[in-house]
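The next block holds one structure in the form of C-alpha cells; read it before the comments.
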Amino acid sequence: MLSLISLAADLGVGTGLALIGAGLAVFTGFGSGVAEGNVAAHAMDAIGRNPEATNNIRSNMILGIALAETTGIYGFAIAILILIMVLF
C-alpha cells in the first residue's frame, strides 16, 4: 500500500487524470454486460412464445451479443493503451 501511495505522489496531475480516464474506459464493460443480459433474456422470452423459430432467434441473439461485446472490448483496449502510453 505504501508503494502505491509513493507512486501516486510521484505522478503529475496530467498523468493522474489519464489514469482516471483509463479506469473510466474499463466501465464500458458494465454497459455491455447489461446489454448482453438483456438480449439473452428477451431471446429466451421470444423462444418461449414461439418455439418453432428457435434457430432464427438463437442466431440473431448470438449476433446481438457479439455486437454488444465489442463496446466492452474497445473500452478495455483503450484503457490498456492509455496505461501503456502513460506509465511507459
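The values are calculated or read from the model by the stated rules, or taken from the named source; none is laboratory data. Worth saying up front: this structure is predicted, and the values here are computed from it rather than measured. All Cβ positions, even for glycine, are placed from backbone atoms using ideal geometry, and neighbour counts span all protein chains on display. Just so you know, the surface numbers come from the protein's heavy atoms only, side chains and all, with ligands and any DNA or RNA stripped out. Shrake-Rupley method; radii C 1.70, N 1.55, O 1.52, S 1.80 Å.
Rolling a 1.4 Å sphere over the protein heavy atoms, what is the accessible area per residue of the chain, to the nearest Å²?
Values: 6320 Å² over 88 residues.
On a per-residue basis, the chain sits at 72 Å².
Scan the chain and note any complete DSSP helix (H) whose C-alpha atoms cover at least 15 Å along its axis and whose Kyte-Doolittle average is 0.5 or more.
Those that pass (Cα extent of 15 Å or more, hydropathy at least 0.5) are 13-26, 54-87.
Springs between alpha-carbon atoms under 10 Å, Gaussian network over the chain: tell me which of N60, N50, N38 tops the mean-square fluctuations.
Answer for the Gaussian network model of the chain: N50.
Label points 7 Å out from Cα along the Cβ direction at T71 and N55: separation in nm?
Between T71 and N55, the label points sit 3.2 nm apart.
Counting only protein heavy atoms and a 1.4 Å probe, tell me what percentage of the chain's accessible area is made up of carbon and sulfur. Spell out each step's value before the answer.
Details: 4680 of 6320 Å².
C and S fraction of accessible area: 74 percent.
What is the local net charge at L63, summed over the other residues whose Cβ is closer than 14 Å to its Cβ (Lys, Arg +1; Asp, Glu -1)?
On the way: positive: R58; negative: E36, E69.
Charge balance in the 14 Å sphere: -1.
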